[in-house]
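Below is one structure, written out as structure tokens, with a few remarks after it.
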Amino acid sequence: MEFEQEDTYRDSRGMHDKCKKCMNYHVKLTMTDGKTLDGIIESVDSDKIIIMVAEDVMDNSGGGDPQYYQYQQNDPEYYQYQERQYYNYRPPMRYRRFRRQAFPLAGLAALSLLPYPYVAPPYVYYPYYY
């Protein structure tokens, strides 16, 4: 006769194993309340997972013409300058930052790996044999 493990979340056992397999990979998580986020699973405990959640950071300094930023959104001239491209205009820089957060394992509804396309380099053979 075997005794059952003392596990309060029997349904989350499969999710725990799936999180263990996807550890240190970039994944997309869906919570039970419908919120989705992407990040890297750092560690998995019996009742929580620690994820490095990705967030986008936009840097407005350094790029663009200063005239581009002087008008407010309620100004009619704002839309005129928004559509115009200047000669030296650079779009704002985009950075990606990761922050460590803990989530309960019971609040996790779905987990999927983010696909990264792998493009194999073309086989370039040397036509002359030595």
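The values are calculated or read from the model by the stated rules, or taken from the named source; none is laboratory data. These numbers were taken from a predicted model, which means no experiment stands behind them. As a convention, Cβ positions derive from the backbone with ideal geometry for all residues, glycine included, and neighbour counts pool all protein chains shown.
Observations on the model:
- Within region 19-38, not a single residue is in contact with a Gly (Cβ under 8 Å, 6 or more places away or on another chain), closer than 23 Å to PRO92 by Cβ and at pLDDT 90 or above.
- For region 48-65, filtering for residues that are modelled with pLDDT under 90 and either in a loop (DSSP other than H, G, I, E, B) or closer than 13 Å to TYR25 by Cα (or both) leaves 7.
- Per-region count, region 11-52, residues more than 18 Å from ARG99 (Cβ to Cβ) and not aliphatic (A, V, I, L, M): 18
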